[in-house]
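The structure under discussion appears below in the form of structure tokens.
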Amino acid sequence: MPTTVVGLFLTVVFALPGYVYHRLVLRQRPERVDTAVQELLSIVFVGVIIDLVAAAVLGVVTAVAAPRTPDLSRFLLEPAKYSAAHLALVSWWLLAFVALAIAIAVLSGLEPGARWLPERWQRRRHDRARRVRDQQSAWWLLFHEHPESSIHVGCSLDDGTYVAGRLHSYSKAPVENGDRELTLSGEITYRAPDDPEAAILPAVNAVTVSARRLVLLTVTYVEPS
């Protein structure tokens, strides 16, 4: 554990890329049920890898361009004293390191180049992730099968009611329980239990459906025109 303000600051700085990567990955994948220790170790491990890559990149830059660099040995031995004596130099290099590390974390977490992969590779990558990843919500798998499509959902409830509409939001929790909810928007189609015909509800723009009442859920992928 850091015992000085400088040590605490450096700890936060070096852990920041791992945290950024972790949060971005959570946006691309279903939620997980991890302990605090598991989450901390994941952040630290990824952060160390990203920091090493950033340090290697800066090492190549210094070897090629030969700019003025801090004395790493003195900085590690006496960080507070050396930083105070060379504040501008240390600050600029620290900012460059943090910016580069966060940029690597963002690129690694968002994987912007994945969409340019050949379609066969993307399909194989998606199928492998579906098989290998644990704690995956069935809703997540269904609603991410065709990410570019508009998703229309039909819900049959336990009392015979039917309601349908465009998917608006849903629970990403990996635990399959009745406390989850999904919301539908747009034109809401409704059929009462004893009514043979379904109709669009007037002046209704959204509806929420509890997983506890669901018996059957249908998903239709509509390609953008």
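The values are calculated or read from the model by the stated rules, or taken from the named source; none is laboratory data. Everything quoted here is computed from the prediction, not taken from an experiment. Ideal geometry is used to build each Cβ from the backbone, glycine not excepted, and the neighbour counts take in all protein chains shown.
List of remarks:
- Residue match in the stretch 186-201 (condition: among the hydroxyl-bearing types (Ser, Thr, Tyr), without any contact (Cβ under 8 Å) to a residue 40 or more places away in the chain, more than 29 Å from Leu26 (Cβ to Cβ) and outside the structural domain of Leu26 (by TED's automatic domain parsing)): yes
- Considering the stretch 167-203, and only residues there that are charged (D, E, K, R) and modelled with pLDDT of 90 or more, the residue that is surrounded by the most Cβ atoms within 10 Å (Cβ to Cβ) turns out to be Arg191.
- Qualifying residue in the stretch 86-106 (condition: among the aromatic types (Phe, Trp, Tyr), at pLDDT 75 or above, in contact with a Pro (Cβ under 7 Å, 6 or more places away or on another chain) and within 22 Å of Pro17 (Cα to Cα)): yes
- Summed over the stretch 190-218, residues that are assigned to a loop (DSSP other than H, G, I, E, B) and over 13 Å from Gly154 (Cα atoms) total 11.
- Checked against (1) surrounded by fewer than 11 Cβ atoms within 10 Å (Cβ to Cβ); (2) more than 25 Å from Leu26 (Cβ to Cβ), Pro147 passes all but condition (2).
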